[in-house]
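Please find one structure pasted underneath; my questions will follow.
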Amino acid sequence: MSVWDQIVGQKAAVAVFEAAARAARNLREAGSDDAALARQMAHAWLITGPAGAGRSVAALAFAAALQCEDPQTPGCGQCPECKRVLKGTHPDVKVVTTERLIIKIEEIASLVTLAQQAPAGGKWRVILMEDADRMVERSSNLLLKAIEEPPPRTVWLLCTTQPGDVLPTIRSRCRHLSLVTPSVEEVTQLLVEREGIAPETARRAAAMSQSHIGVAKSLARDPAELERRRKILLSATTTSSVGEAALLAQKLVEAAKADASKRAEEKDQQELAQLRRSLGYDQEGTRLPPALKAQETALKADQKRRATRYLRDSLDRVLLNLLGFYRDVYLLQCGAQVPVINLDLEETLVKLAQGSSAARTLTRIDAIRKARQRLEANVTPLLTMEAMMMDLRQ
């Protein structure tokens, strides 16, 4: 099984990556000097695509192919180099992920320093940045300087949703590769073949997730998650009064906070325990001296930022589900011959489509999109959800 087999529904992108990896291997085998490598190899890639399309998976597969030892097929997935990259243990492949709202400038500075170092294995030093859009302008400018004059054996892989998420100056210095949303059939096949999920369950999960692979796996494995999603959609489409709208908005935010807290709690405790052990104060009840307290305070601040991102991610998933629901309503009102996403709510969809106009549905869709924009702009979640629910009322 090659590294490319992990990528779902991206044949065009895989072909580009394979060709680039093969060209890089040929350059090395031909004994090209660093100047030739710099001229012919794209040292910065901007990999974009919708959420759930597998940007990071594709980028990691490309990183493995660049390090691959197979003389015939770069990205064999079987050689020690490929396996180390996929396991996250390769010394020349740095994967940068963040669970906070932004990537700190200190993190970018360390990456710039790392990029100047020659690869230990003599092939390529690959720096893969997930969520490259989470850099502030100062951090982006620092990264720009590193991309403008890259070392000949360093490759940057920047992943984000759309090209406009990064500075135009960074875009202009990157080779852009855009991924597409996988089809429902492709995601269904993935769930059946790799996850062992029943075909009917897999297809329903793939449709409801709007082909988001991670969400599809969650819906297929967890009936409780499926039921929670269904209840939220039904509640949002039956709210009529101002009071009901405000109450539902509050419930949605509280549920998202509980979900974020559950995700973060265990990780927070592990990180604090690890920090105390590293400082030699791991016994329960032992207080850190003032000179070391700042490190614990900084860690807790990072954890708070991570919890904020978890909250917004949870609410954004609710908003995407609502967008999918009203998309179905609108298509029914227009008579489009397109399969609906929400297969378990077809009766509700038909009833709502008959009881309102297409113009009203578009107004609701616009309200959901505004809510997503407000969350992205750091507007208070409760105010954002309340404003949206007022517009969604029946």
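Only one of (1) part of a helix (DSSP H, G or I); (2) within 29 Å of the chain's Cα centre (by Cα); (3) aliphatic (A, V, I, L, M) is not met by Val340, so which one is it?
Unmet condition: (1).
Got at least one residue in the range 202-213 being outside any loop (DSSP other than H, G, I, E, B), closer than 25 Å to Glu386 by Cα and modelled with pLDDT of 85 or more?
Scanning the range 202-213 turns up at least one residue that is outside any loop (DSSP other than H, G, I, E, B), closer than 25 Å to Glu386 by Cα and modelled with pLDDT of 85 or more.
Oh, and also: Can you tell which of Tyr310, Tyr330 is touching a residue at least 12 places away in the same chain (Cβ under 8 Å) and closer than 30 Å to Val350 by Cβ?
Tyr330
As an exercise: evaluate Ala38 against (1) assigned to a helix (DSSP H, G or I); (2) open to solvent by 40 Å² or more (accessible area, probe 1.4 Å); (3) among the small types (Gly, Ala, Ser); (4) at pLDDT 85 or above and give the number of the one condition it does not meet.
If we test Ala38 against (1) assigned to a helix (DSSP H, G or I); (2) open to solvent by 40 Å² or more (accessible area, probe 1.4 Å); (3) among the small types (Gly, Ala, Ser); (4) at pLDDT 85 or above, just (4) comes out false.
Under the condition of being acidic (Asp, Glu) and surrounded by fewer than 15 Cβ atoms within 10 Å (Cβ to Cβ), which residue from the range 359-390 is modelled with the lowest pLDDT?
Once the filter is applied, the top-ranked residue is Glu376.
Somewhere in the range 264-279, is a residue closer than 24 Å to Arg374 by Cβ, assigned to a helix (DSSP H, G or I) and not aromatic (Phe, Trp, Tyr)?
Scanning the range 264-279 turns up at least one residue that is closer than 24 Å to Arg374 by Cβ, assigned to a helix (DSSP H, G or I) and not aromatic (Phe, Trp, Tyr).
Filter the range 164-178 down to the residues that are open to solvent by 40 Å² or more (accessible area, probe 1.4 Å) and not in a helix (DSSP H, G or I) and list them by number.
Answer for the range 164-178, where residues must be open to solvent by 40 Å² or more (accessible area, probe 1.4 Å) and not in a helix (DSSP H, G or I): Leu167, Ser172, Arg173, Arg175, His176, Ser178.
Tally time: how many residues in the range 127-148 are under 16 Å from Leu46 (Cα atoms) and not in a helix (DSSP H, G or I)?
6
Now a separate question. Has the range 139-148 got any residue that is over 29 Å from Ser314 (Cβ atoms), among the basic types (Lys, Arg) and out of contact with any Lys or Arg (no Cβ under 8 Å at 6 or more places or on another chain)?
Yes, that holds for at least one residue.
Matching residues to (1) part of a helix (DSSP H, G or I); (2) charged (D, E, K, R); (3) more than 18 Å from Val318 (Cβ to Cβ):
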position	(1), (2), (3)
Leu345	yes, no, no
Val350	yes, no, yes
Arg364	yes, yes, no
Ala367	yes, no, no
Arg374	yes, yes, no
Leu383	yes, no, no
Met389	yes, no, no
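Can you tell which of Thr181, Thr161 is under 16 Å from Thr48 (Cβ atoms), open to solvent by 50 Å² or more (accessible area, probe 1.4 Å), in contact with a strand residue (DSSP E or B) (Cβ under 9 Å, 6 or more places away or on another chain) and touching a residue at least 24 places away in the same chain (Cβ under 8 Å)?
Thr161 is the lone residue from the list that is under 16 Å from Thr48 (Cβ atoms), open to solvent by 50 Å² or more (accessible area, probe 1.4 Å), in contact with a strand residue (DSSP E or B) (Cβ under 9 Å, 6 or more places away or on another chain) and touching a residue at least 24 places away in the same chain (Cβ under 8 Å).
Find all pairs meeting these conditions: Cβ atoms under 9 angstrom apart; at least six residues apart or on different chains; first residue within the range 355-383 and touching a residue at least 40 places away in the same chain (Cβ under 8 Å); second residue open to solvent by 70 Å² or more (accessible area, probe 1.4 Å) and among the polar types (S, T, N, Q).
The qualifying pairs are Leu382/Gln250.
Given the condition outside any helix (DSSP H, G or I), touching a residue at least 24 places away in the same chain (Cβ under 8 Å), more than 16 Å from Ala59 (Cβ to Cβ) and open to solvent by 50 Å² or more (accessible area, probe 1.4 Å), answer yes or no: does some residue in the range 83-96 qualify?
yes
On to the next question. Any residue at all in the range 190-199 that's more than 21 Å from the chain's Cα centre (by Cα) and under 29 Å from Gln67 (Cβ atoms)?
yes
Is at least one residue of the range 314-332 within 17 Å of Ser235 (Cα to Cα), acidic (Asp, Glu) and either modelled with pLDDT under 80 or open to solvent by 50 Å² or more (accessible area, probe 1.4 Å) (or both)?
Scanning the range 314-332, I find no residue that is within 17 Å of Ser235 (Cα to Cα), acidic (Asp, Glu) and either modelled with pLDDT under 80 or open to solvent by 50 Å² or more (accessible area, probe 1.4 Å) (or both), so the answer is no.
One line per residue, one yes/no per condition, for (1) open to solvent by 20 Å² or more (accessible area, probe 1.4 Å); (2) of a type in the set (S, T, N, Q); (3) touching a residue at least 60 places away in the same chain (Cβ under 8 Å):
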| site | (1), (2), (3) |
| --- | --- |
| Leu191 | no, no, no |
| Ile213 | yes, no, yes |
| Glu225 | yes, no, no |
| Leu234 | yes, no, yes |
| Leu272 | yes, no, no |
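Next up: Taking Ala298 and the conditions (1) within 30 Å of Arg263 (Cα to Cα); (2) in contact with a helix residue (DSSP H, G or I) (Cβ under 8 Å, 6 or more places away or on another chain); (3) among the hydrophobic types (A, V, I, L, M, F, W, C); (4) surrounded by fewer than 19 Cβ atoms within 10 Å (Cβ to Cβ), which numbered condition does it fall short on, given that it satisfies the others?
Among (1) within 30 Å of Arg263 (Cα to Cα); (2) in contact with a helix residue (DSSP H, G or I) (Cβ under 8 Å, 6 or more places away or on another chain); (3) among the hydrophobic types (A, V, I, L, M, F, W, C); (4) surrounded by fewer than 19 Cβ atoms within 10 Å (Cβ to Cβ), the lone unmet condition for Ala298 is (2).
Limited to the range 47-72, what total is found for residues that are in a loop (DSSP other than H, G, I, E, B) and within 16 Å of Ala24 (Cα to Cα)?
The number of residues fulfilling the criteria is 5.
I've got another one for you. Before we move on, is Ala132 open to solvent by 50 Å² or more (accessible area, probe 1.4 Å) and either of a type in the set (A, V, I, L, M) or farther than 30 Å from Val340 by Cβ (or both)?
It is false that Ala132 is open to solvent by 50 Å² or more (accessible area, probe 1.4 Å) and either of a type in the set (A, V, I, L, M) or farther than 30 Å from Val340 by Cβ (or both).
The values are calculated or read from the model by the stated rules, or taken from the named source; none is laboratory data. Predicted, not measured: the structure shown is a model, and the values here were computed from it. Ideal geometry is used to build each Cβ from the backbone, glycine not excepted, and the neighbour counts take in all protein chains shown. Note: accessible area is taken over every heavy atom of the protein model, side chains too, but ligands, DNA and RNA are not part of it. Shrake-Rupley method; radii C 1.70, N 1.55, O 1.52, S 1.80 Å.
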